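Each remark here refers to the structure printed beneath this line.
The values are calculated or read from the model by the stated rules, or taken from the named source; none is laboratory data. Keep in mind it's a predicted model, so treat the numbers as computed, not measured. Don't worry about glycine lacking a Cβ; one is built from the backbone with ideal geometry, like all the others, and counts go over all protein chains shown.
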Amino acid sequence: MTPLTRRTKLETTQLRNEMRRLKQIGNTPERIMSHLSLNRDNYNFHMTQIFKEDRKELKNLTVHIIEHEILTCRSRMERSIEVLDSIARDTKNKPYDRIKAEELKQETAVNILRLLVESPNLVNLERVDGKITETHVPLESKPISAAMDKLFTEPVPEQ
């Protein structure tokens, strides 16, 4: 390739993949530059781009892992509410146990709401058209207040 000719996107991707491969197997920057016929400035430019791409990919992977963990946690807490509800409604249980189960059920419901509110802030990202972008958009409180209304209007079991 002549110095004035621009690489196509495919050629650039192939070059960067080869640079990654050579770096992973332990080649020094000088050896990579020599092998790929790159000058120092081009090498530095492409390595900077590689690091940016890798950071973005790592961020996406991290978001997927956190999303999965949040959904798993939410599912477990919802199951806990179901179990606590059955304890609270079962008249065979002691009144103290039923009251404690109802209290724990409400605490768990509040924790689910906290999880829903705070999890986007934990990740500090949002998906737009399948792409991950930084977000600073405040969450609306309508779904939360509706859930709180439902939570505190359900009848408490008889004692």
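Yes/no matrix, rows are residues, columns are (1) hydroxyl-bearing (Ser, Thr, Tyr); (2) in contact with an Asp or Glu (Cβ under 7 Å, 6 or more places away or on another chain); (3) at pLDDT below 95:
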position: ARG6; (1), (2), (3): no, no, yes
position: THR13; (1), (2), (3): yes, no, yes
position: MET19; (1), (2), (3): no, no, no
position: LEU61; (1), (2), (3): no, no, yes
position: HIS64; (1), (2), (3): no, no, yes
position: LEU71; (1), (2), (3): no, no, yes
position: ARG76; (1), (2), (3): no, no, yes
position: ALA109; (1), (2), (3): no, no, yes
**Asked** What are the pairs, 6+ residues apart or on separate chains, where a residue within the stretch 100-121 that is surrounded by 16 or more Cβ atoms within 10 Å (Cβ to Cβ) has its Cβ under 7 Å from a residue that is of a type in the set (Ser, Thr, Tyr) and in a helix (DSSP H, G or I)?
**Response** THR108/SER80
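For the structure I just gave you, tell me whether THR62 is in the same structural domain as PRO29 (by TED's automatic domain parsing) and either loosely packed, with under 13 Cβ neighbours inside 10 Å or in a helix (DSSP H, G or I) (or both).
no
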**Request:** Consider only pairs whose beta carbons are under 6 Å apart and that are at least six residues apart or on different chains; among these, list those whose first residue lies in the stretch 67-81 and is more than 12 Å from ASN111 (Cα to Cα) and whose second residue is among the β-branched types (Val, Ile, Thr) and assigned to a helix (DSSP H, G or I).
**Result:** none
**Message:** Anything in the stretch 8-59 that is charged (D, E, K, R) and not in a helix (DSSP H, G or I)? List them, or say none.
**Reply:** none
**Among the residues listed as ASN39, ASN93, the single one being at pLDDT 90 or above and either among the acidic types (Asp, Glu) or not assigned by TED's automatic domain parsing to the domain that holds LYS105 (or both)** = ASN39
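Yes/no matrix, rows are residues, columns are (1) among the aliphatic types (A, V, I, L, M); (2) farther than 23 Å from ILE99 by Cα; (3) touching a His at 6+ places or on another chain (Cβ under 9 Å):
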residue	(1), (2), (3)
PHE51	no, yes, no
ARG55	no, yes, no
HIS64	no, yes, no
GLU67	no, yes, no
GLU78	no, no, no
LEU84	yes, no, no
ILE87	yes, no, no
